[in-house]
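Remarks on the structure that follows.
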Amino acid sequence: MTVIRGATTIARDEKREIQEAVEELLLQIETKNNLKREEILSIVFSSTSDIHSYYPAKAAREAGFAGSSLFSAMEPEIDGSLSLCIRVMLFVERNLKAQAVYLRGAKILRKDLSQKINIALDGPSGSGKSTVAKRLAKEYDILYLDTGAMYRACALKVIDADIDVNYEQKICELMKNIDLSIRYEKGSQITLLDGVDVSEKIRQPHVSMAASTVSKWACVRMKMVEKQREIAKKMSCVLDGRDIGTVVLPNADFKFFLTASPEVRAKRRYEELTAKGFSVNYDEIKTEIIQRDVQDSTRKNSPLKQADDAVLVDSSDLTIEEVIAVIKRKMQEKI
Ligand code: DC
């Protein structure tokens, strides 16, 4: 079964207005979701307490929805709620990806059910961002954009071109023609550089450090931020990085800043890299993590920084399940 939401508003509390608004809302929900009328089991309306002149359920019956079970209720008066607003839930037999419909200035109240949400997840390397982001993407059925992978691909391009990561001018020239694209296969991000899948190659430790340096240059950031915004504008996604909440999407619906002690982060990175078959040393990883922290947070352009309105989550003593639970609770509180 699927539940489809929608809402609309009326200009005046008049029968005719209610009839027109209800009919328009139901027809649009039907069209947008490709529904056959007979598969709509039930339609439940709730209207704000300033609507008295007609039942939305009656208007639905008159509009030709008499075959479904219809119900109207009145909402209590709550400070800040919209006025003259009619909300609806349609219960449909079939399983489908519900497309909510909000008309005439009606606003979606539950942002997690809205057509598009963006979650910004920032923090230093090894703070667990990517694991958390992947899980959130799965749970909310949205895209995961690993922005670090993009900077890593830029670094790989610089390394392959044999350019010093500190040579800004040459790097900016190289960036003019960089062919970097992101694709998704079975929900996993594939990073393509000049048409070649570099998703594994960019995980090498020397690329991490180079990415941290290369990403300080404004020309690199501008190019990547533009790509990230383009993706986030089109669809719901969770983006992880260093500057998502501060620069890339300052108006993201939800913002989190994930952190953990350098020791915990180094241990996680060590385990992750060893599992992938890289031969690495814990102390070296810890030193590199601390160096990257300093470099990422002290650079002039978009440094690693917690946005003022981001929720701080220290995962040093938390399991991944606990981190997810905290984040989901905070999201619910904001909705
Ligand atoms: O998250 P990561 O370790 O894959 O990122 C690699 C480097 O890229 C990191 O040290 C800093 C840079 N980066 C950035 O500057 N801004 C982002 N949004 C993401 C990563």
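Table for the structure above
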read-out: Residue within the stretch 290-309 that is over 30 Å from Glu230 (Cα atoms), touching a Pro at 6+ places or on another chain (Cβ under 7 Å) and either at pLDDT below 95 or surrounded by fewer than 16 Cβ atoms within 10 Å (Cβ to Cβ) (or both) present; value: yes
read-out: Per-region count, the stretch 39-60, residues in contact with a Ser or Thr (Cβ under 9 Å, 6 or more places away or on another chain) and open to solvent by 50 Å² or more (accessible area, probe 1.4 Å); value: 4
read-out: Failed criterion for Glu271 (all others in (1) crowded, with 18+ Cβ neighbours inside 10 Å; (2) assigned to a helix (DSSP H, G or I); (3) not polar (S, T, N, Q) hold); value: (1)
read-out: Cβ-Cβ under 6 Å pairs, at least 6 apart or on other chains, the stretch 158-174 side farther than 21 Å from Val198 by Cα and in contact (Cβ under 8 Å) with a residue 24 or more places away in the chain, far side in a loop (DSSP other than H, G, I, E, B) and not β-branched (Val, Ile, Thr); value: Glu168/Trp217
read-out: Pair list, Cβ under 9 Å, 6 or more apart: the stretch 243-254 residue closer than 15 Å to Arg221 by Cα and in a loop (DSSP other than H, G, I, E, B), other residue of a type in the set (A, V, I, L, M, F, W, C) and at pLDDT below 95; value: Asp243/Leu304; Leu249/Ala232
read-out: Matching entry among Glu284, Glu321 (being loosely packed, with under 12 Cβ neighbours inside 10 Å, more than 13 Å from the ligand (Cβ to nearest atom), in a helix (DSSP H, G or I) and not polar (S, T, N, Q)); value: Glu321
read-out: Whichever residue in the stretch 224-258 is open to solvent by 10 Å² or more (accessible area, probe 1.4 Å) and in contact with a Pro (Cβ under 9 Å, 6 or more places away or on another chain) and, among such residues, is farthest from the ligand (Cβ to nearest atom); value: Thr246
read-out: Residue that is farthest from Gly64 (Cα to Cα), among those in the stretch 12-28 that are of a type outside the set (S, T, N, Q) and open to solvent by 70 Å² or more (accessible area, probe 1.4 Å); value: Arg12
read-out: Residue in the stretch 176-187 that is within 12 Å of the ligand (Cβ to nearest atom), under 29 Å from Val311 (Cβ atoms) and within 18 Å of the chain's Cα centre (by Cα) present; value: no
read-out: Options Met89, Met74; residue that is among the hydrophobic types (A, V, I, L, M, F, W, C), farther than 19 Å from Arg104 by Cβ, out of contact with any helix residue (DSSP H, G or I) (no Cβ under 9 Å at 6 or more places or on another chain) and open to solvent by 40 Å² or more (accessible area, probe 1.4 Å); value: Met74
read-out: Candidates Leu82, Leu26, Leu35, Leu109 - the one that is at pLDDT 95 or above and part of a loop (DSSP other than H, G, I, E, B); value: Leu35
read-out: Failed condition for Ile202, given (1) within 19 Å of Ile163 (Cα to Cα); (2) in contact with a strand residue (DSSP E or B) (Cβ under 7 Å, 6 or more places away or on another chain); (3) open to solvent by 50 Å² or more (accessible area, probe 1.4 Å); value: (3)
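Every residue, every condition in (1) touching a helix residue (DSSP H, G or I) at 6+ places or on another chain (Cβ under 8 Å); (2) at pLDDT 95 or above; (3) open to solvent by 20 Å² or more (accessible area, probe 1.4 Å); (4) within 13 Å of the ligand (Cβ to nearest atom), yes or no:
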{"residue": "Leu136", "(1), (2), (3), (4)": "yes, no, no, no"}
{"residue": "Ile142", "(1), (2), (3), (4)": "yes, no, yes, no"}
{"residue": "Ile159", "(1), (2), (3), (4)": "yes, yes, yes, no"}
{"residue": "Leu174", "(1), (2), (3), (4)": "yes, yes, yes, no"}
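Each row is one residue, and each column tells you yes or no for (1) touching a residue at least 12 places away in the same chain (Cβ under 8 Å); (2) of a type in the set (Asp, Glu).
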position	(1), (2)
Ala266	yes, no
Leu273	yes, no
Tyr282	yes, no
Glu288	yes, yes
Asp296	yes, yes
Ala310	yes, no
Asp314	yes, yes
Asp317	no, yes
Ile320	yes, no
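The values are calculated or read from the model by the stated rules, or taken from the named source; none is laboratory data. Since the structure is predicted, the reported quantities are computational estimates derived from the model, not experimental observations. Methodologically, a virtual Cβ is constructed for each residue, glycine included, from the backbone with ideal geometry; neighbour enumeration extends over all protein chains shown. Just the protein is used for accessible areas: all its heavy atoms, side chains included, with ligands, DNA and RNA removed. Shrake-Rupley method; radii C 1.70, N 1.55, O 1.52, S 1.80 Å.
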